[in-house]
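Notes follow the structure.
The values are calculated or read from the model by the stated rules, or taken from the named source; none is laboratory data. Predicted model, so just to flag it, every value in this text is computed and none were measured. Cβ placement follows ideal geometry from the backbone for every residue including glycine, while neighbour counts extend to all protein chains displayed. Please note that ligands, DNA and RNA were not included when accessible areas were found on the heavy atoms of the full protein model with its side chains. Shrake-Rupley method; radii C 1.70, N 1.55, O 1.52, S 1.80 Å.
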Amino acid sequence: MRRVIVPAAAVLVSLAPAAPAVAAHHPPPQKVPVAEGHGGAVATVDLDASRAAVAVLRRGGNAMDAAVAAGAVLGVTEPYSAGLAGGGFMVYYDARKRQVHTIDGRETAPRAMTSTSLEGIPFEEAVTSGLSAGVPGAVAQWDLALRRFGTLSLRQALQPAIEVASKGFVVDQTFHDQTAQNAARFKDFTSTAALYLPGGAPPAVGSVFRNPDLAATYRELARRGPGWLYGGRLGSEIVETVKRPPVTPGSTRNVRPGLMELGDLRAYRALLREPTRVGYRGLTVYGMAPPSSGGSTVGEALNILDALPRVGVHEYLEASRLAFADRNAYVGDIPGVPLRELLSDGFAKERACLIGERAIAHPARPGAPDGDYGPCAPPSDTAPATPTAAEGPETTHLVVADRWGNVVAYNLTIESTGGNGIVVPGRGFLLNNELTDFTFGPAPGDPNLPAPGKRPRSSMAPTLVFDDGRPVMALGSPGGSTIITTVLQILVNRYEFGMRLPEALAAPRATQRNTAQTQAEQAFLDAYETELEARGHDLVLNPEIGAATALEFLGRGRIQAVAEPVRRGGGSAMVAGSHR
């Protein structure tokens with residue numbers, strides 16, 4: 001089919017940075033969102049994490065060493081998004097073997113959890129409870145990643161995080177605001193209030209925040225190894241906190257105890273999985289397979305766009321709508337996910353037939369990924385409406401490349417901003433609320449209902465793009481299920497609309513996840529609302545969508561690392577060698 005490239009000049013709306021907050025004690029650290037040079041590169045949301053990764057690269061460590069070191073630092077400086085009690089997904093390119101691998105460090109449900117364990121519980125009550133805490137996967141993932149692909153030991157990789165936790169970091173506006181937004185529930189737990197509400201209030205912007213308990217925890221983990229968590233003393237303390245949360249005396253919050261036992265920690269394993277793979281515009285795009293829905297949903301949407309003769313913002317939204325309908329119907333941590341068919345060209349062409357001049361009626365029905373794909377037929381009716389969870393900026397993402405051409409895209413999370421709100425006493429880290437990613441039910445046949453040992457479906461979408469067998473881009477984002485649309489839109493901006501990577505990442509965003517309304521940032525509404533509403537879309541403001549990081553190989557050993565210029569306070573891009 002002939003492809004018509006639709007110009008996106010209107011998308012290139014200036015996103016001018018807000019004025020920095022006045023520091024109480026120190027000037028705010030200077031983060032640079034774009035860096036270009038040789039010898040390896042990194043982009044994270046945080047300057048300390050980027051510095052740690054670059055220091056590892058400069059000392060001869062590889063991309064996986066640097067990614068783990070940065071991830072551990074983010075557990076200190078971005079504790080409401082990541083931490084050793086969380087989990088995540090890694091997509092890794094081994095340059096020497098020319099192979100792509102993925103590591104699943106997603107949290108699991110305790111063996112005592114059933115399909116009805118969350119049923120009937122208000123979402124906000126489920127989040128702030130022991131019941132929401134999944135068995136942590138981050139430490140097992142770090143250990144497996146380093147043993148299989150790294151050159152450093154876990155003990156060595158944790159040293160930068162120990163130093164940052166001991167010496168402290170400068171509080172920025174984002175950290176202050178996220179603490180303030182969580183203050184009502186943080187004060188209801190003695191351990192959390194003591195750490196994050198010193199003197200009863202969030203730490204001031206510009207103050208230095210130290211976490212000696214977390215430094216000591218990392219030191220002990222470095223000395224004892226992962227077994228200290230997966231069945232040892234630290235694991236016992238986590239279980240005790242989950243089952244008997246340290247509720248502040250006099251609190252009226254209904255804090256449910258959790259189901260986790262020490263045996264659940266002993267049974268946990270990080271897993272190597274086959275990546276998802278699709279062809280797109282002559283490129284090959286690798287992503288994360290279930291229990292993440294990132295690789296399958298981004299991949300299906302790209303296939304749908306590839307089957308269309310014309311791609312503009314309307315087609316981007318409609319491809320995403322259809323891919324989400326199929327995600328919700330078929331993808332989860334269950335046997336028999338029809339992944340091959342969901343990512344097949346035949347299925348994509350059948351779905352692409354539904355995209356016309358007007359928006360598809362809400363909600364779009366899932367397709368039939370059964371291998372029997374016929375001529376185009378108009379949709380007969382709509383699917384039953386399903387509730388949509390509120391989205392926020394939770395989770396974080398980083399990318400690293402080294403001088404040898406190894407590349408990591410790494411999403412890590414504790415789920416909601418602030419996790420379940422409960423700090424393990426004396427240990428300096430928050431527990432996750434990952435189990436609220438399950439469908440609460442009742443929902444017969446839903447692939448994402450909870451079950452013993454099951455991993456909740458994720459939207460994390462760490463992604464690698466290859467051209468002629470060599471990596472050309474790595475990218476990903478936080479943002480709940482908007483992760484998928486953020487990654488998809490960056491790819492569309494770069495490869496359909498011809499933007500350079502910094503422009504593709506900074507451009508205003510919209511997210512359509514088979515919902516009645518399409519959420520969009522204000523600059524996107526300014527550029528497209530009239531046109532899209534005339535075509536049947538219903539748009540509503542979402543002030544900020546995603547907080548991406550990416551890198552691109554420019555040829556001759558040169559790499560461009562890119563982070564957000566404004567969103568979530570802006571990110572930090574750095575290169576290991578010569579730069580500009």
Problem - Those residues of the stretch 228-255 which are assigned to a loop (DSSP other than H, G, I, E, B), out of contact with any Phe, Trp or Tyr (no Cβ under 9 Å at 6 or more places or on another chain) and exposed (fewer than 15 other Cβ atoms within 10 Å of the Cβ), in sequence order - result: Arg244, Pro249, Gly250, Thr252, Asn254
Fill in the blank from the handout: All-but-one check, Met473 against (1) touching a Gly at 6+ places or on another chain (Cβ under 6 Å); (2) under 19 Å from Leu505 (Cβ atoms); (3) of a type in the set (A, V, I, L, M), failing number (1)
Exercise for the section: Run Ala534 past the list (1) over 23 Å from Thr417 (Cα atoms); (2) in contact with a Leu (Cβ under 9 Å, 6 or more places away or on another chain); (3) among the aliphatic types (A, V, I, L, M) and report the number of the one that doesn't hold. Expected result: (2)
Exercise for the section: Could you list, in sequence order, all residues of the stretch 467-484 that are assigned to a strand (DSSP E or B) and open to solvent by less than 10 Å² (accessible area, probe 1.4 Å)? Expected result: Met473, Ala474, Leu475, Gly476
Exercise for the section: Taking Gly346 as meeting all but one of (1) assigned to a loop (DSSP other than H, G, I, E, B); (2) over 13 Å from Ala323 (Cα atoms); (3) touching a residue at least 24 places away in the same chain (Cβ under 8 Å), write down the number of the exception. Expected result: (1)
Fill in the blank from the handout: Screening Val6, Val13, Val73, Val32 for residues that are surrounded by fewer than 19 Cβ atoms within 10 Å (Cβ to Cβ), modelled with pLDDT of 95 or more and not basic (Lys, Arg) leaves only Val32
Exercise for the section: Check Phe497 against each of (1) of a type in the set (A, V, I, L, M, F, W, C); (2) open to solvent by less than 20 Å² (accessible area, probe 1.4 Å); (3) out of contact with any Ser or Thr (no Cβ under 8 Å at 6 or more places or on another chain) and name the one condition it does not meet. Expected result: (2)
Problem - Close pairs from the stretch 118-131: first free of Cβ contacts under 8 Å to residues at least 60 places away in the same chain and small (Gly, Ala, Ser), partner buried (at least 21 other Cβ atoms within 10 Å of the Cβ) and part of a helix (DSSP H, G or I), Cβ under 7 Å, at least 6 apart - result: none
Problem - Single condition Leu491 does not satisfy, out of (1) part of a helix (DSSP H, G or I); (2) at pLDDT below 95 - result: (2)
Problem - When residues of the stretch 172-200 are limited to those that are of a type in the set (Val, Ile, Thr) and under 20 Å from Pro212 (Cα atoms), the one surrounded by the fewest Cβ atoms within 10 Å (Cβ to Cβ) - result: Thr190
Handout entry: Identity of the residue in the stretch 532-580, out of contact with any strand residue (DSSP E or B) (no Cβ under 8 Å at 6 or more places or on another chain) and free of Cβ contacts under 8 Å to residues at least 12 places away in the same chain, that ends up most open to solvent (accessible area, probe 1.4 Å)
Key = Arg556
